[in-house]
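Enquirer: Encoded as structure tokens, here's the structure I'll be asking about.
The values are calculated or read from the model by the stated rules, or taken from the named source; none is laboratory data. What you are looking at is a predicted structure, and each value in this text was computed from that prediction instead of being measured. Every residue, glycine among them, receives a Cβ derived from its backbone with ideal geometry; neighbour counts consider all protein chains shown.
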Amino acid sequence: MSGTRLREAICRFGRSLFERGLTPGSSGNISVRTEDGGWLVTPTNASLGWLDPARLSKLDAAGRLVSGDKPTKEIPLHTAVYETRGAAQAIVHLHSTHAVALTMLPEIDPRAALPPMTPYYLMKAGQTALLPYYRPGDPAVADAIRGLAGRYSSVLLANHGPVVAGDTLEAAVFATEELEETAKLYLLLRNLNPRYLSPAQVQDLVTHFGVELPAGTHDHPHDHG
Ligand SMILES: [Zn+2]
């Protein structure tokens, strides 16, 4: 995708996420790898609802600002995900209500924040890790992400929001939406003894669609009931 089209795509997806209430105010940020080894990133204090394609932050391969506005202060988050997930081409980070709510519940498993509720959650978001709370922009969050060693394409930051990587910008956006909707389903069904996908049904999706889950963990789905 050319630089111009990539810029337009970031603004279009940003507006769509904002207009559906998936990240309020000036929260949330998006980054995409560019062909020259650098990144296009949404600027600091910019609402995803009205991004200007010409003012997106362009970073070089070393992370230095080449043009555009000052980038989001959550850059360390993005950098750590790209470092540990070589195939990631785009990252979406939102402050979406249901995913944030999920992070504050006492029973959440940090290695599988959501049970296998729907096939599309597994196929798009895989399995989601939960990291502890860090002050926004705290470089320590990068170390916590590196600690996951790239095993997860979707991560929740406690009391903050989801961070989701994708092979394309579209894939990262769609996976973030699946994560948010699955968190909403979890909250709707919490304490109602819902029937989640069985281990055999999860295994069937893994085999049939080549879903990549962190090794070993999907054999022992925890019981949220
Ligand atoms: Zn944030």
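Enquirer: Out of (1) at pLDDT 95 or above; (2) exposed (fewer than 13 other Cβ atoms within 10 Å of the Cβ); (3) hydrophobic (A, V, I, L, M, F, W, C), the odd one out for Phe209 is which?
Expert: (1)
Enquirer: Please determine, by comparing only the residues of the range 26-42 that are assigned to a strand (DSSP E or B) and within 14 Å of the ligand (Cβ to nearest atom), which one is farthest from the chain's Cα centre (by Cα). So that I can check it myself, show each step before the final result.
Expert: Of all residues in the range 26-42, those assigned to a strand (DSSP E or B) come to 29-33, 39-41.
Now narrow it down to the ones that are within 14 Å of the ligand (Cβ to nearest atom): 29-31, 41.
Working: Asn29: 10, Ile30: 10, Ser31: 11, Val41: 15 Å.
So the residue we want is Val41.
Enquirer: Could you grab me the full set of residues in the range 53-68 that are part of a loop (DSSP other than H, G, I, E, B) and surrounded by 18 or more Cβ atoms within 10 Å (Cβ to Cβ)? Step through it out loud before you land on a result.
Expert: Taking the range 53-68 as the starting set, the residues that turn out to be part of a loop (DSSP other than H, G, I, E, B) are 56, 60-64, 68.
Passing the criteria: Leu56, Gly68.
Enquirer: Further, regarding this structure: Out of (1) within 16 Å of the ligand (Cβ to nearest atom); (2) part of a helix (DSSP H, G or I), the odd one out for Thr4 is which?
Expert: (1)
Enquirer: Based on this model, can you work out whether Lys73 counts as surrounded by fewer than 22 Cβ atoms within 10 Å (Cβ to Cβ), in contact with a Gly (Cβ under 7 Å, 6 or more places away or on another chain) and either touching a residue at least 40 places away in the same chain (Cβ under 8 Å) or β-branched (Val, Ile, Thr) (or both)?
Expert: Considered against the rule, which asks whether it is surrounded by fewer than 22 Cβ atoms within 10 Å (Cβ to Cβ), in contact with a Gly (Cβ under 7 Å, 6 or more places away or on another chain) and either touching a residue at least 40 places away in the same chain (Cβ under 8 Å) or β-branched (Val, Ile, Thr) (or both), Lys73 comes out as yes.
Enquirer: Still on this model: For the range 78-89, does any single residue satisfy the condition of being buried (at least 20 other Cβ atoms within 10 Å of the Cβ), under 17 Å from the mean Cα position of the chain (by Cα), hydrophobic (A, V, I, L, M, F, W, C) and more than 16 Å from the ligand (Cβ to nearest atom)?
Expert: Yes, that holds for at least one residue.
Enquirer: Where residues in the range 152-204 are under 15 Å from His78 (Cα atoms) and touching a Gly at 6+ places or on another chain (Cβ under 8 Å), which of them is nearest to the ligand (Cβ to nearest atom)?
Expert: It comes out as Gly161.
Enquirer: Just to verify a result, which residue in the range 185-206, among those that are part of a loop (DSSP other than H, G, I, E, B) and modelled with pLDDT of 95 or more, is nearest to Met123 (Cα to Cα)? Let's see the steps before the verdict.
Expert: Going residue by residue through the range 185-206, those that are part of a loop (DSSP other than H, G, I, E, B) are 190-198.
Next, only the ones that are modelled with pLDDT of 95 or more stay: 190, 192-198.
On the way: Arg190: 22, Leu192: 25, Asn193: 24, Pro194: 20, Arg195: 19, Tyr196: 15, Leu197: 13, Ser198: 15 Å.
Applying the filter and picking the extreme gives Leu197.
Enquirer: Out of the range 58-77, which residues are within 16 Å of the ligand (Cβ to nearest atom) and under 11 Å from Leu40 (Cβ atoms)?
Expert: Hit for the range 58-77 is Pro71, nothing else.
Enquirer: What is the one condition in (1) surrounded by fewer than 17 Cβ atoms within 10 Å (Cβ to Cβ); (2) under 15 Å from Thr72 (Cα atoms) that Ile30 does not satisfy?
Expert: Result: Ile30 passes all but (1).
Enquirer: Ser47 is checked against (1) more than 16 Å from the ligand (Cβ to nearest atom); (2) under 29 Å from Asn159 (Cβ atoms); (3) surrounded by fewer than 17 Cβ atoms within 10 Å (Cβ to Cβ) and fails just one. What number does that condition carry?
Expert: (1)
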